Amino acid sequence: MKDPEPDSGQEKLRILRRRRKIAALAVPFAVLLTPLLNEAALLLSAGLLAYCLILTVEIGRMSKHLGPASSGPVKLTAAKTIGWAAAILVFDGLVLGQGIISGVVLAYAVLLLVPMGILTRKDTALGRFRLKKAGILATAMLAVLGSIYLNNRLAERMADDLISGVVQYKEKHGQYPEQLQDLVPEFMPGIPAAKLTLSYNNFSYSSRTSPMLWYVELPPAVRRIYYFESGQWGTLY
């Protein structure tokens, strides 16, 4: 008697899931290449997300055709999702203050997990779990993006105070200060932090040639720069 041949439908479903997992894991790496590849990295990220969405639709269609057994054993616990959300919340929101990782995870939750939850019609428990997972991730990522926005607004206000101090120093002494610390304590009680994060949280200042003040708006490369001679802001990528 010949051994039974493996179910081709189940094997194809496993392959599609493996491809979706690889594509989803590749998205953050593509996003991290943005400072080097600019628009090309963003297009690559968008293409990978679109590919994941197409695979999700196809997996949902095949799962519906093959029946509940195609889903395999699933442990419906949100503990791991909460752990990952908390880790990203701390790293991307508190330590780095960048937002790219959170943006990718938010796109994953909205564009992949939500359709997966909706398409899982025969297994309502699994569908609800995926929607719950999407809600946890989306809430945490929106909190990160919100904190980054508030931090950048805080940096703008702190920069205005420093600019005012530098201008007052020049009016009194006839030249720009050599360093920001020269403003203390006559014009400012202390030099404030640019942001409430653990990295990329300081103001930088240069009095050489064209005096300028800057801080990192989007780590590690995007900087907001104030030119004292022209009195205008600029952005350096």
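Here are some notes:
- The stretch 150-200, subset farther than 22 Å from Gly234 by Cα and charged (D, E, K, R), residue surrounded by the most Cβ atoms within 10 Å (Cβ to Cβ): Asp182
- Filter pass, Val144 being in the same structural domain as Leu55 (by TED's automatic domain parsing), surrounded by fewer than 20 Cβ atoms within 10 Å (Cβ to Cβ) and hydrophobic (A, V, I, L, M, F, W, C): no
- Failed item, numbered, when Tyr169 is tested on (1) part of a loop (DSSP other than H, G, I, E, B); (2) touching a Pro at 6+ places or on another chain (Cβ under 6 Å): (1)
- Evaluation of Ala138 against (1) among the small types (Gly, Ala, Ser); (2) under 17 Å from the mean Cα position of the chain (by Cα); (3) outside the structural domain of Ile118 (by TED's automatic domain parsing) (one fails), failing number: (3)
- Entry remark, the stretch 191-237: residues being in contact (Cβ under 8 Å) with a residue 12 or more places away in the chain, over 18 Å from Gln179 (Cβ atoms) and outside any loop (DSSP other than H, G, I, E, B) number 8 in total.
Yes/no matrix, rows are residues, columns are (1) among the charged types (D, E, K, R); (2) modelled with pLDDT of 95 or more:
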site	(1), (2)
Leu131	no, no
Leu150	no, yes
Met158	no, yes
Asp161	yes, yes
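- Set Leu48, Leu96: member being among the aliphatic types (A, V, I, L, M), more than 22 Å from Val114 (Cβ to Cβ) and at pLDDT 65 or above: Leu96
- Exactly one residue out of Gly117, Gly103 is more than 29 Å from Ser199 (Cβ to Cβ), at pLDDT below 95 and not aliphatic (A, V, I, L, M), and it is Gly117.
- Residue count for the stretch 11-30, restricted to those that are over 24 Å from the mean Cα position of the chain (by Cα), exposed (fewer than 14 other Cβ atoms within 10 Å of the Cβ) and among the aliphatic types (A, V, I, L, M): 1
- Test: Ala41 is assigned to a helix (DSSP H, G or I), surrounded by 15 or more Cβ atoms within 10 Å (Cβ to Cβ) and modelled with pLDDT of 75 or more: no
The values are calculated or read from the model by the stated rules, or taken from the named source; none is laboratory data. Predicted model only: the values in this text are computed from it and were never measured. In this analysis, Cβ positions are derived from the backbone assuming ideal geometry, glycine residues included, and neighbour counts consider all displayed protein chains.
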